[in-house]
C-alpha cells in the first residue's frame, strides 16, 4: 500500500464489514438473499486486497465505492437474467400483487402518522439496518428506550392489518 499505510486485511474486515453490509443491503434490499450479500461483501474485500497498492488514505471511502458498484452490478445482472413467470399474470398472481401493494400503502400511511422520533428510530433500525445499541448512542438515549419505541411502532403498524 502506498504512503506507508499499514494494510492488515483482517483488521480492516473486522472494522468495516458492517459498513459494507449496510451499503449493499440498502441498495439491493430484498432482491438478494443474505448469502448473496455475504458473497458480495467478500468480493468487496477481495477487490480491496487486490488493489491495495492503488489506495492512498481513505479506505472507508474506497470500500463504499466498491460496495456500491458491486451492488449495482449484481442488480443489473439480475435484471438482465429476469425470467418470464406466467404465474405473475394469472388472476391469483395479480391478486397477490395488488394485495401486497395495498399492504405497502397502508404501512406507508401508518408510518406517516408516527411521531418524528418514532419515524427516525423505525428508519434507522428497519431501513438503514443499525443495531439498537448504535441507535441509542446516536440519539443519546438508552437501548431499552429504543426497544420500547420499536415495540410500540410494530404494534401501531400491526393494528387493523389482517
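Side notes on the structure shown:
- Over segment 2-80, equivalent-ellipsoid semi-axes from the Cα gyration tensor in Å: 24, 12, 10
- Averaging 1/r across all pairs of distinct Cα atoms in segment 87-158 and inverting the result yields a Kirkwood radius of 13.7 Å.
- Cα centroids of segment 60-75 and segment 121-145: 25 Å apart.
Readers should treat all values here as calculations from the given coordinates under stated rules, not as data from a laboratory. Quick caveat: nothing in here was measured; it's all calculated off a predicted structure.
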